Amino acid sequence: MKVTIIGRQMNVWEEMKATIEEKLEKLEKYFGDECEATVTLSSKRNLKSLEITITAYGTIFRSESEDETFRNALDRSIYSIERQIRKNKTRLSKKIRSGAFDGGIFDTGEDYEEDKEFNIRTKSFYFKPMSVEEAIMQMNLLDHEFFVFRDAETEEVCVVYKRRDGDYGLIVPSEE
């Protein structure tokens, strides 16, 4: 597993880097060497925030947690990713390397309810070409968390969304 550690407006000390890499090693048995993990640390006021994003076989696992210490936040994030794997192990076993789910966290005797079939409600509507600003305004008028639209300049289907911090995000399709 390739691990990238980023400190936002802070320096990450070597001991913390070693701890993060050691904790992420236990997830390696599910993903193998073909995956990448990005860990972002930041500190706001008295809260330590840690975000883990793991990309493996075209699937993205993400967890973000806040706590009084980075170690506690790291433990909570690792647990959250393990829980994501447990809940979706049947679907993931088709994508992740063979034997990844033999032993390990699945033989602990704990009972986890795996996700059933997805209930999908289909909705279709016309994609009116508009600017990003228009899309944000429309999203706010509808009081939605996100809005899908066709960009007037590029003709690509994009998504704007409201972030937890009150800002907005834009998802643009990529060929890669």
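Summary table
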read-out	value
Per DSSP, loop trypsin sites (Lys or Arg not before Pro) in the range 1-49 with at most 15 further Cβ within 10 Å	8, 26, 45
Two-decimal ratio, the range 129-171, of alpha-carbon radius of gyration to 2.2 N^0.38 Å	1.05
Loop sites in the range 1-92: GluC sites (Glu not before Pro), DSSP, at most 11 other Cβ within 10 Å	68
The range 46-60 - phi-based ³J(HN,Hα) in whole Hz, Karplus 6.51/-1.76/1.60, Gly and Pro as x	9, 9, 9, 10, 9, 10, 10, 10, 10, 10, 9, 6, x, 10, 10
Sites residue 44 and residue 172 - FRET efficiency at Förster radius 41 Å, r taken between beta-carbons, to 0.05	0.90
Rounded FRET efficiency, nearest 0.05, which uses the C-beta distance separating residue 2 from residue 120 and R0 of 45 Å	0.85
Flagged links, alpha-carbon separation over 23 Å, of 26/89; 2/26; 128/162; 44/162; 23/162; 87/162	23/162; 87/162
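Values in this text are rule-based calculations from the coordinates and carry no lab data. Remember, predicted model here, so these are calculated numbers, not experimental data. So basically every Cβ, Gly included, is an ideal-geometry build from the backbone, and we count neighbours across all protein chains shown.
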